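Engineer: Here it is, the structure, as structure tokens.
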Number of protein chains: 4
Amino acid sequence: MLIVMEAGARPDEVDFVVRQVERLGLKAHPIPGAQRVAIGITGNKGAVDADALELLQGVKEVIRVTAPYKLVGREARPEDSVIKVGGVDVGGPGVVVVGGPCAVESLDQSRTIAEGIRKAGGQLFRGGAFKPRTSPYSFQGLGEEGLEILARVREEFDLPIVTEAIDQESLDLVAQYADCIQIGARNMQNFSLLKSAGRARKPVLLKRGMSATLEEFLLSAEYVMSEGNFDVILCERGVRTFADHTRNTLDLSVVPAIKRLSHLPILVDPSHGTGKRNKVLPMSRASIAVGADGVLIEVHHKPEEALSDGPQAILPDDFARLVREVSAIAAVLGRSLAPMRRMKGEQKE
Amino acid sequence: MLIVMEAGARPDEVDFVVRQVERLGLKAHPIPGAQRVAIGITGNKGAVDADALELLQGVKEVIRVTAPYKLVGREARPEDSVIKVGGVDVGGPGVVVVGGPCAVESLDQSRTIAEGIRKAGGQLFRGGAFKPRTSPYSFQGLGEEGLEILARVREEFDLPIVTEAIDQESLDLVAQYADCIQIGARNMQNFSLLKSAGRARKPVLLKRGMSATLEEFLLSAEYVMSEGNFDVILCERGVRTFADHTRNTLDLSVVPAIKRLSHLPILVDPSHGTGKRNKVLPMSRASIAVGADGVLIEVHHKPEEALSDGPQAILPDDFARLVREVSAIAAVLGRSLAPMRRMKGEQKE
Amino acid sequence: MLIVMEAGARPDEVDFVVRQVERLGLKAHPIPGAQRVAIGITGNKGAVDADALELLQGVKEVIRVTAPYKLVGREARPEDSVIKVGGVDVGGPGVVVVGGPCAVESLDQSRTIAEGIRKAGGQLFRGGAFKPRTSPYSFQGLGEEGLEILARVREEFDLPIVTEAIDQESLDLVAQYADCIQIGARNMQNFSLLKSAGRARKPVLLKRGMSATLEEFLLSAEYVMSEGNFDVILCERGVRTFADHTRNTLDLSVVPAIKRLSHLPILVDPSHGTGKRNKVLPMSRASIAVGADGVLIEVHHKPEEALSDGPQAILPDDFARLVREVSAIAAVLGRSLAPMRRMKGEQKE
Amino acid sequence: MLIVMEAGARPDEVDFVVRQVERLGLKAHPIPGAQRVAIGITGNKGAVDADALELLQGVKEVIRVTAPYKLVGREARPEDSVIKVGGVDVGGPGVVVVGGPCAVESLDQSRTIAEGIRKAGGQLFRGGAFKPRTSPYSFQGLGEEGLEILARVREEFDLPIVTEAIDQESLDLVAQYADCIQIGARNMQNFSLLKSAGRARKPVLLKRGMSATLEEFLLSAEYVMSEGNFDVILCERGVRTFADHTRNTLDLSVVPAIKRLSHLPILVDPSHGTGKRNKVLPMSRASIAVGADGVLIEVHHKPEEALSDGPQAILPDDFARLVREVSAIAAVLGRSLAPMRRMKGEQKE
């Protein structure tokens, strides 16, 4: 940490700051300069609240140097984390394609789509039973009934399930039925929910908030990990900008940035990230090309009848093409599709 | 609602769209044009999910015309709502100044600050007992102990209390101790919490999310109202932009925009909105000048020792000046400070 | 300036950085720490290009401390600059209201509007003869004919003229006819134009770019001043954000931020800043309340026939009300309307 | 175009709007509805200025339907444009990699880098002789001397040259020396410069402005084309957002969006788009994966000594790896590197 004093700061002001720093158990290193004095601070192992120092007389600015997170950082764990989701590896050498409808609407709908996902080579199934909707008058999901449908889909197609929890009550249910608990973008800073997810015994898929900085995103993952759950998967899903040709602006540069700072896997959701069906395939290719560990794709066999987010869902046939192209891009990076969970029938052999 | 067909759409595609519209119980009005056909849609009283129509063959775009909210709108209630917070009117002809520390730290701290607020003419007291913090390692608030301190402050200084709830559990406690339940920016789209607040028997102060559009903001208020709690106060607290001279960019134009669309009161929080102490006074004046019903101000008698957000807190003396200037600006708009809750001593007379 | 070394940087890497710093004629102050070494740098009077240092082996980050501008800063000139525009003081104790149409359309139109401006108490007249338009097919202004109209308006109503230059050619003409050269938001980083304006003999009104940071804004003013023209007036006109209830988001907090860093006057343009007529009056009040030195207002007597930007123009009667309210707000801050240029008739007395 | 009337609009107000529309030579189609009347408008072949209509009594909103551009659109030219830059095809089946330093610093520097570019398989050379710099005190480029160096590099290595023009004067010089005139992001709405580029006889590389919408970007290209120069190449280089882990946020979704609307080629500049050397390779792969026609890469053999933008330049060896990976990604999409201009030595054979 560095404290920059104002140009005209008096020696006694500098001394006072030095004493305050030492009172916090840190070491202060004044650097006299031509125009102004700066004070280097060392000895802080964790995060020091710099706010208080900024207010002292004569202080112009406090500049933080150390990262404010611990468990999510590469310094805590240099090698990549591989998270097992119902038997499928996320974050290893393999690349995953998660597919499914925005919302679980019926058993028939989910079975039809899941069959397409499995055939195409998607390794995980997604579908919302609890939907956070902007309007109270929009379809809010089937709730526990939806979770039961998802469980039946997993049984039949051997696809591990990723589904969203939106509060304590739904989190308990999701943790019971699903293989991976999704925390949505709107809840990325719902810290109570993050802590609860940190006490659950299932992996957590954490989506980046619509206006979250990289540091805030990692700190939200730190919330989950600091409660003891180290199985966290990150997911970029677009941020909010002035650009109006897509619903959100997918920030793919965050993928290499995360890979550099953190050992956690990072997926990309081009369906929510663009909100437009015709952008999903190209942005999926780009996501794998930039180094993401997989993509989340909304798939619907009748998107014009979907109860939510129809315009961004692709057809099962397009999903099959997407898996093929994603796989070919992965090969360029020396990766391949992560192995699927083996079908029970196969396992018997 | 208007459906715009693609330039080369065939007549049977237009017919199909018309039939689908009618299937939804609406009326379709095709408008043949030189380049393309448009289809006007009428008869929708509430919000129709336009997504499905957008996917039909030959459709280029669906343009929504009707507002998606009902209860928050001026059409539901043309006159301004006045919300009573512990006996103080918010949203009437008067202007309120809410003051207090970011976080309740101790009884002494809260008493000292509350005394300054009351003397200066502030009508409501704010202070966090439950703090949503970006880092899990930052001070998270005193919890119920903080609420007890707030209750004692109310007793002693007759200042109604506004304090934040961050989950179901804290909401129940806040509703029990405080006069107004604050929902913070990070929880603006925590829809479960909004619904719970809608079932509480206390007014709700809803802060705008960091990247919320006006429509999303109003729809979040609609969540609370749709559960039966009509006592909602809105609060602008800055949005996230590229600008780096303040922590957030305070969007004052949202005040007249809300006044036009909604009957709900709107306050402004220049402390969080700027994150810089020296911007609080000028932005408070501007907030009242633009037509806000009041301001929320962080006050601390020793900001350099504050456990959170010290750099944006102002001193009690500066708060007194702020109340005076805000009052003078209000007078230009034909308004004045809202009456304070009468001190018990005075009430006896 | 501070150089932060990586956690595992070797002593010889630190030494190499120190030598490079000294090679630049600066002093290096290594600060050994528990986790990493930092190197304080002093002795840089102007702006050092930090980029090169950032690339040295073992360097994690370079943190700049000194402001990169000189002439615009308060350190160069502690007291406020007062700029004379055709005899009207901008930036002194008085507040100015600049009014006029978006585009000069005809002598009749300009005379009618100017009469309203003058009667209402506006001190300066604005109107575009050269219009930068997003589409090549939109009305691009009357050119020199428009400047002649503006000159006649000045003669008749004794209103000094502010009008925009968009390239070298129009700049020469504007400098010849007008009292103040406006550089528009789209040209804020047209550095060739800024330098030309710096060699002109008329004051320059520089509008903030749509996505300019405060530092970039001040550096653009520095471009003008570094060529010898010290008469620069800044103007906030809204920045581009995700918010869609106004055309731009007016960033009023930039006003006190500029007042702190720079001695230059700062105006606000709520017409372009909101793009909506019904927001102009409240945002004008807020602009003066926050401390701006004046406002720029689009006025048109027949906005429904305006050739550009009609929806944000207000009627002359509304302008008169605006001047009254702005004046009342200014009084709260101990200011008043700046004196008008005296009418020639009056001067004779 | 659609005009939405207010809920309580009177019949005579509707009639008046209809007459105004007809006065503009268009057809009006009133659509009576349960809550409000809408008026469909047809017959507008080009862009109608909707502003005026928005101001009529009783009008709530005017919704535009037709695209405001003509020449850049797919409707004007369904097939992709292929632009020849000094004998290299941009926008055809091939993919181009443009490499070179941010600024031309010396003949030696340019030769060394160009040699690396040519060997690695880069088809075009870039380097700035005129640099638009945020600060007037930063290195502004070598000017015509730099252009002469570029011309010699072209001769020696047979690499066509792309270089930036920043005003009329430099444009004339660039058009004389170079093979392609670059218009930078800061000048994307310098309409005078766009018009001049439209009268030049060389292809134009137009970079997207830092806060430009897709429509504004296309309209700027329309400016160039409307003057007769149809050889326009677009370039995404990142937009400005709140995200702080990269210098700008590279908006790759704009590539498929442009491909859908326009026939013009689109390149991506991941060097400026991220501002960080370690993001350039992954974002280059992603750019080609999403469908871009090529990438612009800053290369420097001694980035720590570069006179501008060192931190984003990569080494010639890394450039060679980039060309290989980009080529492999292109193959997945059925594309390959565009043929290089043949060396003179080879041509002789």
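The values are calculated or read from the model by the stated rules, or taken from the named source; none is laboratory data. Computed from a predicted model, the values in this text were never measured in an experiment. Every residue, glycine among them, receives a Cβ derived from its backbone with ideal geometry; neighbour counts consider all protein chains shown. Surface accessibility is based on the protein's heavy atoms, side chains included, excluding ligands, DNA and RNA. Shrake-Rupley method; radii C 1.70, N 1.55, O 1.52, S 1.80 Å.
Engineer: Just to be sure I understand the interface: list residues from region D:137-173 that lose 10 Å² or more of accessible area between the chain on its own and the complete protein assembly, 1.4 Å probe.
Structural biologist: Those are D:Tyr137, D:Gln140, D:Ile166, D:Asp167, which lose 10 Å² or more relative to the chain on its own.
Engineer: Beyond 21 Å, how much of the Cα-Cα pair distribution for region B:67-182 remains, as a whole percent?
Structural biologist: Numbers: 2856 of 6670 pairs.
Tail of the P(r) past 21 Å holds 43 percent of the pairs.
Engineer: Are there GluC sites (Glu not before Pro) in region B:199-257 that DSSP marks as loop and that have at most 16 other Cβ atoms within 10 Å, and which are they? Don't skip to the end; give the middle numbers.
Structural biologist: Numbers: sites: B:Glu215, B:Glu216, B:Glu222, B:Glu227, B:Glu236; in loops: B:Glu227.
The qualifying sites are B:Glu227.
Engineer: About its Cα centre, how strong a charge dipole does chain A have in debye, to the nearest 20, once Lys and Arg get +1 and Asp and Glu get -1 at the Cβ? Display every interim value, and only then the final one.
Structural biologist: Working: 44 positive and 46 negative charges, 140 e Å.
I would put it at about 680 debye.
Engineer: Still on this structure, I have one more. Dividing the alpha-carbon radius of gyration of region D:250-295 by 2.2 N^0.38 Å (N being the number of residues), what value is obtained?
Structural biologist: On the way: Rg = 10.4 Å, N = 46, 2.2 N^0.38 = 9.4 Å.
Rounded to two decimals, the normalised Rg is 1.10.
Engineer: May I pose another question? Residues of the protein assembly as shown: accessible area per residue at 1.4 Å, in Å²? Can you show the working numbers first?
Structural biologist: Working: 48760 Å² over 1396 residues.
Each residue of the protein assembly as shown exposes 35 Å² on average to a 1.4 Å probe.
Engineer: Further question on the same structure: Near the amide H of D:His263, under 5 Å away, which other amide H atoms are found, from residues 5 or more places off or on another chain, if H is placed in the peptide plane?
Structural biologist: D:Arg74
Engineer: Please list, ordered by chain and number, the residues whose modelled amide H lies under 5 Å from the amide H of C:Ala103; skip anything fewer than 5 residues away on the same chain.
Structural biologist: Placed amide hydrogens put C:Gly128, C:Ser308 under 5 Å from C:Ala103.
Engineer: Average the reciprocal distances over every distinct pair of alpha-carbons in region B:161-244, invert the result, and give the Kirkwood radius in Å.
Structural biologist: Numbers: mean 1/r = 0.0797 Å⁻¹.
The answer is 12.6 Å.
Engineer: Mind listing the phi-derived Karplus ³J(HN,Hα) values for region C:69-81, rounded to whole Hz, using 6.51, -1.76 and 1.60 with θ = phi - 60°, and x for any glycine or proline?
Structural biologist: Along region C:69-81, the couplings run 10, 10, 5, 7, x, 5, 5, 6, 8, x, 8, 4, 7 Hz.
Engineer: How large are Rg and Dmax for region B:253-349 when calculated on the C-alpha trace, in angstrom?
Structural biologist: Rg and Dmax of region B:253-349, Cα atoms, are 15.1, 44 Å.
Engineer: On to the next question. Give a residue-ordered list of calculated ³J(HN,Hα) values for region B:261-268 (Karplus: 6.51 cos²θ - 1.76 cosθ + 1.60, θ = phi - 60°; whole Hz; x for Gly, Pro).
Structural biologist: 8, 10, 8, 7, x, 9, 9, 10
Engineer: Given the options B:Gly334, B:Gly99, B:Gly198, state which has the largest fluctuation in a GNM of chain B using a 10 Å cut-off (strictly under) for Cα springs.
Structural biologist: Result for chain B, Cα springs under 10 Å: B:Gly334 fluctuates most.
Engineer: If you take the accessible area of B alone plus C alone and subtract the pair, what total do you get in square angstrom, rounded to 100, with a 1.4 Å probe?
Structural biologist: Numbers: alone 16150 and 16160 Å², together 29580 Å².
Buried area between the two chains comes out at roughly 2700 Å².
Engineer: Next question. Any idea what the dipole of the protein assembly as shown comes to, in debye rounded to 20, about its Cα centre with Lys/Arg Cβ at +1 and Asp/Glu Cβ at -1? Don't skip to the end; give the middle numbers.
Structural biologist: On the way: 176 positive and 184 negative charges, 1 e Å.
Dipole magnitude for the protein assembly as shown comes out near 0 debye.
Engineer: With θ set to phi - 60°, apply the Karplus curve 6.51 cos²θ - 1.76 cosθ + 1.60 along region C:253-260 and write out the HN-Hα couplings as whole Hz, x wherever there is a Gly or Pro.
Structural biologist: 3J(HN,Hα) across region C:253-260, in whole Hz: 5, 5, 5, x, 5, 5, 4, 6.
Engineer: Can you compute the charge dipole magnitude of region B:174-318 about its Cα centre, using +1 on each Lys and Arg Cβ and -1 on each Asp and Glu Cβ, nothing else charged? Give it in debye, rounded to the nearest 20. Don't skip to the answer; put the middle values down first.
Structural biologist: Values: 17 positive and 17 negative charges, 39 e Å.
For region B:174-318, the charge dipole is close to 180 debye.
Engineer: Ignoring ligands, DNA and RNA, what percent of the accessible area of region D:59-157 is carbon or sulfur (1.4 Å)?
Structural biologist: 47
Engineer: Considering every pair of different Cα atoms, what Kirkwood radius, in Å, is found for the protein assembly as shown? Could the numbers behind the result be given before it?
Structural biologist: Numbers: mean 1/r = 0.0303 Å⁻¹.
In the protein assembly as shown this quantity evaluates to 33.0 Å.
Engineer: Still on this structure, I have one more. Over chain A, what relative contact order in percent results from Cα pairs under 8 Å that are six or more residues apart?
Structural biologist: Details: 751 pairs, mean separation 59.4, N = 349.
Reported as a whole number, the value is 17 percent.
Engineer: Between their Cα atoms, which of A:Lys279/B:Lys259; A:Lys259/D:Lys302; C:Lys302/D:Lys60; A:Lys276/C:Lys131 are more than 28 Å away from each other? Write down the numbers at each step before the final one.
Structural biologist: Numbers: A:Lys279/B:Lys259 38 Å; A:Lys259/D:Lys302 26 Å; C:Lys302/D:Lys60 18 Å; A:Lys276/C:Lys131 35 Å.
Flagged as over cut-off: A:Lys279/B:Lys259; A:Lys276/C:Lys131.
Engineer: Turning to a different aspect of this structure: Amide H of C:Ile31: which non-local residues (sequence gap of 5 or more, or other chain) have their own amide H closer than 5 Å, using H built in the peptide plane?
Structural biologist: C:Ala38, C:Ile39, C:Gly40
Engineer: Further question on the same structure: Applying 1/(1 + (r/R0)^6) with R0 = 51 Å to the Cβ-Cβ distance of D:Arg321 and A:Asp108, what FRET efficiency is obtained, to the nearest 0.05? Don't skip to the answer; put the middle values down first.
Structural biologist: Numbers: r = 50 Å, r/R0 = 0.98.
Rounded to the nearest 0.05, the efficiency is 0.55.
Engineer: Which value results for Rg/Rh of chain C when Rg is the Cα radius of gyration and Rh the Kirkwood radius based on the inverse mean 1/r?
Structural biologist: Working: Rg = 23.4 Å, Rh = 21.7 Å.
So for chain C, dividing Rg by the Kirkwood Rh gives 1.08.
Engineer: R0 = 41 Å: FRET efficiency of A:Glu79 with A:Arg152, Cβ-based, nearest 0.05?
Structural biologist: With a Förster radius of 41 Å, E is 0.65.
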